[in-house]
1. If all Cα-Cα distances of the chain are sorted into 5 Å bins from 0 onward, what percent lands in each bin, rounded to whole numbers?
2. If the only charges are +1 at each Lys and Arg Cβ and -1 at each Asp and Glu Cβ, what is the size of the charge dipole of the chain around the Cα centre, to the nearest 20 debye?
3. Do the sum for the chain: with -39,500 (n - 2.57) for every DSSP H run of n ≥ 4, divided by all residues, what is the mean residue ellipticity at 222 nm, to the nearest 500 deg cm²/dmol?
4. Out of the trypsin sites (Lys or Arg not before Pro) in the range 3-112, which ones are loop residues according to DSSP with at most 13 other C-beta atoms within 10 Å?
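Every number here is computed from the coordinates shown, using simple stated rules; none is lab data. Since the model is a prediction, treat every value here as computed from it, not as a measurement. Cβ sites come from the backbone with ideal geometry, for glycine too, and all protein chains shown count toward neighbours.
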Amino acid sequence: MWRTDTYWFDVAVATTVLMLGHLGFGRFVEYQSRGRRLLKSLAGLALLVGTSVWAGRAWMYALLAAMGVGVLVVHGWWLPRRGVNGWTAEPRDRYYALMGLDPSGKPLGRPD
């Protein structure tokens with residue numbers, strides 16, 4: 001009944017990793033709309049499961065590991081070197097400046 005050699009297992013692994021990412025680092029994208037965050041999650045899931053289908057499970061897990069390394073580099077090295085806590089996104093004004101946002105979290109140059 002419980003098999004790990006199916007695409008549904010790959011979907012479960014990918015969605016679990018995405019969910020943990022949202023829980024741990026969701027504060028970094030609070031300025032984005034919920035719809036955009038949902039589309040990004042669906043695109044990430046499609047990318048991972050599509051990789052599993054067309055290139056194989058080993059490549060999907062390699063891609064997942066590469067994404068994890070990327071998160072560690074950005075949040076553990078790049079952000080702290082620029083004076084932003086990689087776990088809490090504080091100070092918020094410095095983080096927003098790095099992202100090209102105004103102090104309220106809106107993109108610079110947009111009238112809304």
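1. Answer for the chain: a P(r) of 2, 11, 17, 18, 17, 14, 9, 6, 3, 1, 0, 0 percent.
2. On the way: 13 positive and 7 negative charges, 32 e Å.
Roughly 160 debye, rounded to the nearest 20.
3. Working: 4 runs with 65 residues, N = 112.
So the helix-based figure for the chain works out to -19500 deg cm²/dmol.
4. Values: sites: Arg3, Arg27, Arg34, Arg36, Arg37, Lys40, Arg57, Arg81, Arg82, Arg92, Arg94; in loops: Arg3, Arg82.
Answer in residue order: Arg3, Arg82.
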